[in-house]
Structure formats: structure tokens, C-alpha cells
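To start, the structure under review is shown below, and the notes come after it.
No value in this document is a laboratory result; all are computed from the given coordinates. All values reported here derive from a predicted model rather than from experimental measurement. Note: ideal-geometry Cβ built from the backbone for every residue, glycine included; neighbour counts use all protein chains shown.
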Amino acid sequence: MSSSQPAADYHTVYTNAKAGMEGVDKAHVQKIVYEMSKGSKHFLNEQRKNAETEARIARLKEQYAQLTDAEVAHHTKAMDAQIAMLEASRDTSRVWIHVDMDAFFASCEELANPALKDVPMAVGGIGMISTANYHARRFGVRSAMPGFIGR
């Protein structure tokens, strides 16, 4: 992380594509998440994993740089054959459906307590947020965010 703007280099899983997240100041939310997270066991573990990943990427780039064009062509051909074999054996006879019910849980809470309908509100606990209503999403609060940060 750069020392001048560490929050700018702190990458969390974040998406503006979720309904109700349009117009959220991503940099502001990222800074808040960074400030609330730094020094925690999770933060330190993520830093460790990031350093390991960066080292592995550097090693792989070094190995790739040492390959000849003929070796790259050979591995590309082998990869293409493996992909073709996997595609040929793909079973498309089954259908899988994924239902995103985040908003459903927030709506249930609003139905049970109508006073929550017009205020930022999240469902979950201090450890993890299951979902947030659209009012809370405008502030960057979202599912899978630790509750102590969403607060």
C-alpha cells in the first residue's frame, strides 16, 4: 500500500451494480471501510494473503518471461485441447437457478416494522450484514459488510 493514500490502495469486494447503489461515492466508502478495518485480524490476514499473491504473481511472470515462443505455443495448444475436451463433456441437461433475496429480507423487516421504511436500515448483526434497504445502500451499506462498519 502506498503511504500517501493507503485507503485508495485498499481494495474490498465492492460493487455499484447492486440495486440502490447508484451514485454512491465509492472512494468515500472505501476510506471508511479502510479506517474501520485497519489493524483488525481480518485486515492483517488480508494484507498477508495479498503479499503472498503478489509474490506468486511475480514468480509466475518471471517463469513466463523465460519461456520460448515454441514453449508458449505448445502449452497454448495443450490448453486449447483441454478446453475442447471439457466443452465436449459439459452437461447442459440440468438447469440451475439462483435467487437473490437480499431485498426480500429487508422488505420483511420493513413490513414487520413500517417505521423502518423511510430510514437507512440493515438486516444482520455486528459481525455481518445480510442485506440493507435502498436508503442504507445510498450510504454504501451492503450485504456481506461487517455490521460494525455499516453502522
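Quick grid of which residues meet (1) in contact (Cβ under 8 Å) with a residue 60 or more places away in the chain; (2) among the hydrophobic types (A, V, I, L, M, F, W, C):
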position: Asp69; (1), (2): no, no
position: Thr76; (1), (2): no, no
position: Arg94; (1), (2): no, no
position: Ile97; (1), (2): no, yes
position: Ala106; (1), (2): no, yes
position: Asn113; (1), (2): no, no
position: Gly140; (1), (2): yes, no
position: Gly150; (1), (2): no, no
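Taken across region 48-62, residues that are hydroxyl-bearing (Ser, Thr, Tyr), more than 30 Å from Thr131 (Cβ to Cβ) and free of Cβ contacts under 8 Å to residues at least 40 places away in the same chain do not occur at all. For the criterion of being among the β-branched types (Val, Ile, Thr) and more than 26 Å from the chain's Cα centre (by Cα), Thr131 fails.
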